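Only one structure is covered here, and it is reproduced in the block below.
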Amino acid sequence: MPQTSSSPKGPRPTATRVDRFWFWLLPLVIVLSLWAWRYAGTEGTDGVEIPYSQFHALVTGDKVGRVRLSGFDVRGRFRAPDELQGKTTDRFRTVVPVQPDTTLLPLLHEHNVVVTVDNGEQPDVVRLLVSILPLALLLGGWVWFSRRADRKIGPGGGLLAGISQGRTHRFSEETDVKVRFDDVAGLASAKRDLREVVEFLREPARFQRLGAHVPRGILLVGPPGTGKTLLARAVAGEAGVPFFSINGSEFIELFVGVGASRVRELFELAKKNAPAIVFIDEIDAVGRSRGTGLGGGHDEREQTLNQLLSEMDGFARNDLTIVLAATNRPDVLDSALLRPGRFDRRVLVDRPERAARKAILEVHTRNKPLGPDVSLEVLAALTPGFSGADLANLVNEAAILATRRSATSIGAEDFADAQEKIEVGDPRETPLSPAEKQRIAVHESGHALVAHLAEHAEPVRRVTIIPRGMTLGSTRQSAGEDKHVATRSELKERLRVLLGGYAAEQVLLGETSSGVEQDLKQATETAYDMVAHYGMSDAVGPVFYQRQVEHPFLGQRLASDSPVGDAATNMVDVEVQRALATAAAEAKAVVEQHRPMIDRLVQALLEHETVEQDELGRLLSDVAPSRARPPRARETLAGASAMG
């Protein structure tokens with residue numbers, strides 16, 4: 001997105017007399033220094049280099065008129081131009097031997113040669129230029145940078161004034177920002193709230209007629225990639241008023257007081273152009289809770305936050321300046337920043353629902369050729385939990401995969417492979433032994449069979465034993481609809497599905513392997529939530545027990561204040577273990593009862609490595625999904641479970 005500087009626009013300043021003076025002085029000083037260093041105190045040009053013996057002969061022949069001795073170096077002139085080494089010259093140079101020649105000086109005097117001896121000291125002009133050159137360069141550089149900073153920042157800015165200036169960008173709705181609210185798919189509620197702000201700035205009398213006033217600040221909250229910054233760009237395109245944007249991390253610098261100075265500069269600039277909108281992206285970088293963490297807070301950051309609080313709701317508040325901020329960590333923001341009067345409105349920018357996902361996919365596939373087997377409605381149903389950025393990445397990855405196979409359009413298989421690549425990873429080149437391949441096929445078949453038989457589980461749409469990313473195989477399920485809550489029955493079935501691979505390895509192979517680690521981890525976390533958080537244990541009851549403690553440096557408490565004693569903790573652990581044991585026993589019973597079906601699926605996976613949803617239904621045709629309830633576990637385990 002094009003960005004322009006926040007400095008006022010105008011004609012480029014012309015060079016002043018001082019600029020021209022330094023522009024010509026510095027090169028002149030450098031040239032004079034080089035000339036003096038090379039030529040001063042010498043016999044001019046170097047002349048022709050001759051051997052020392054020839055020099056002796058020329059002196060004896062009365063052809064040398066004058067010489068200058070400088071250490072071992074001898075430079076001189078002839079009495080008349082002479083031809084040496086194919087050219088006519090009156091200058092020469094040579095080098096005396098290391099062994100002293102005691103006959104040289106008497107010979108020069110005998111033939112009336114003018115002798116000049118250099119004592120090794122530099123000429124006065126050279127010493128003068130060498131001494132003033134560094135000072136001239138330093139002074140000239142200082143003046144040049146100072147005047148450049150003045151032209152960039154404004155009169156009185158000075159050389160170091162640029163440090164305190166923020167990297168604020170001012171956007172013009174006519175040329176810089178092409179995004180409008182109509183270009184943002186979904187997010188209807190968020191767009192409605194932001195559109196009201198834009199309309200208030202355009203027609204304030206319409207709202208003031210009933211005594212309404214515009215929100216002082218609006219906080220966009222949502223997971224990464226859901227479109228918070230895109231909404232801010234749409235506001236910049238729709239507002240018709242000056243829009244200033246800066247990142248929260250740009251307030252914090254090495255120098256103390258710079259952050260607060262940048263806040264003042266930003267709001268002063270916005271007030272001069274009021275009505276205006278100020279957008280602070282990633283505001284949690286500067287707005288975290290004060291006085292948190294071990295050893296106290298960051299003084300510079302807290303000073304910057306204090307200045308921000310004062311600008312947003314101080315004695316000199318300006319109702320025509322609206323602050324728009326975005327963050328994905330609202331839980332770490334300071335309470336004084338979130339109170340009404342500063343951020344009056346919190347706009348949730350959540351992951352899109354199914355209809356919104358379809359609209360987002362339509363935007364990203366607008367200029368891409370899609371195959372006849374691609375249905376954006378189906379694709380939206382298969383991507384619950386995807387953000388707008390995830391969907392854009394999905395479409396791009398599918399296009400890359402289609403290009404890789406030299407296709408003329410993007411097919412449904414490309415989208416399926418792209419989704420698997422995003423969620424699981426690229427296929428691995430690690431070869432699997434036949435025994436490992438057999439075990440992985442058994443494990444994934446156990447997941448697929450238990451999920452196929454479960455009444456409330458999500459349908460299985462792909463089973464594969466191709467290693468991808470950090471996994472050696474996967475069983476992919478898709479609900480086809482957005483779900484926001486889960487019942488006790490659904491969570492119990494989820495436990496059985498997670499432990500289906502564990503049960504299949506026990507029944508078909510006689511022992512389990514380390515490949516069940518992630519399944520056990522997810523199952524344990526789910527069972528703990530059921531017992532300690534959701535009140536789904538008859539023994540524990542409807543009580544919430546805190547288990548995880550947030551990091552203290554994120555602005556949370558250092559230790560949990562939940563009244564959980566040792567007895568309660570032990571009871572929760574016992575109930576979690578019972579829930580997992582019951583689910584494992586029920587999954588094992590399913591595998592034992594339908595052994596022929598799981599053998600058939602294992603064989604298909606070993607042959608084809610991947611089984612899609614339609615083929616999976618044919619292989620398990622003897623068992624109708626969502627109709628047969630899984631057999632109960634052994635009475636001892638079922639009776640011992642307090643989960644019911």
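The values are calculated or read from the model by the stated rules, or taken from the named source; none is laboratory data. The structure displayed is predicted, hence computed values, not measured ones. Cβ atoms come from the backbone with ideal geometry, glycine included; neighbour counts cover every protein chain shown.
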Quiz item: Among the residues of region 199-220, which ones are within 31 Å of the chain's Cα centre (by Cα) and surrounded by fewer than 21 Cβ atoms within 10 Å (Cβ to Cβ)?
Solution: Arg216
Practice problem: Considering (1) at pLDDT 90 or above; (2) outside any helix (DSSP H, G or I), say which one Glu458 fails and leave the rest. | Solution: (1)
Self-check item: Considering residues of region 240-267 that are modelled with pLDDT of 75 or more and under 20 Å from Leu194 (Cβ atoms) only, the residue surrounded by the fewest Cβ atoms within 10 Å (Cβ to Cβ)
Solution: Asn247
Quiz item: Is region 446-455 home to any residue that is assigned by TED's automatic domain parsing to the domain that holds Glu607 and either outside any helix (DSSP H, G or I) or at positive phi (or both)?
Solution: yes
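Could you check how many residues of region 572-590 are under 12 Å from Val540 (Cα atoms) and of a type in the set (Val, Ile, Thr)? First the steps, then the outcome.
Applying the first criterion (under 12 Å from Val540 (Cα atoms)) to region 572-590 yields 572-576.
Among the residues that remain, those that are also of a type in the set (Val, Ile, Thr) are: 572, 574, 576.
Residues that pass the stated criteria total 3.
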Quiz item: Has region 511-521 got at least one residue that is assigned to a loop (DSSP other than H, G, I, E, B), loosely packed, with under 14 Cβ neighbours inside 10 Å and at pLDDT 90 or above?
Solution: yes
Quiz prompt | Of residues in region 522-559 being part of a helix (DSSP H, G or I) and at pLDDT below 65, the one nearest to the chain's Cα centre (by Cα) | solution = Leu554
Self-check item: Single condition Glu420 does not satisfy, out of (1) surrounded by 19 or more Cβ atoms within 10 Å (Cβ to Cβ); (2) touching a residue at least 60 places away in the same chain (Cβ under 8 Å)
Solution: (2)
Self-check item: Failed item, numbered, when Pro106 is tested on (1) in a strand (DSSP E or B); (2) at pLDDT 85 or above; (3) not basic (Lys, Arg)
Solution: (1)
Self-check item: Any hit, region 464-475, residues being free of Cβ contacts under 8 Å to residues at least 60 places away in the same chain, hydroxyl-bearing (Ser, Thr, Tyr), within 27 Å of Val576 (Cβ to Cβ) and not in a strand (DSSP E or B)
Solution: no
Self-check item: All helices (runs of 4 or more DSSP H) inside region 350-439 with 1 or more residues being among the aromatic types (Phe, Trp, Tyr) and outside the structural domain of Thr475 (by TED's automatic domain parsing)
Solution: 412-423
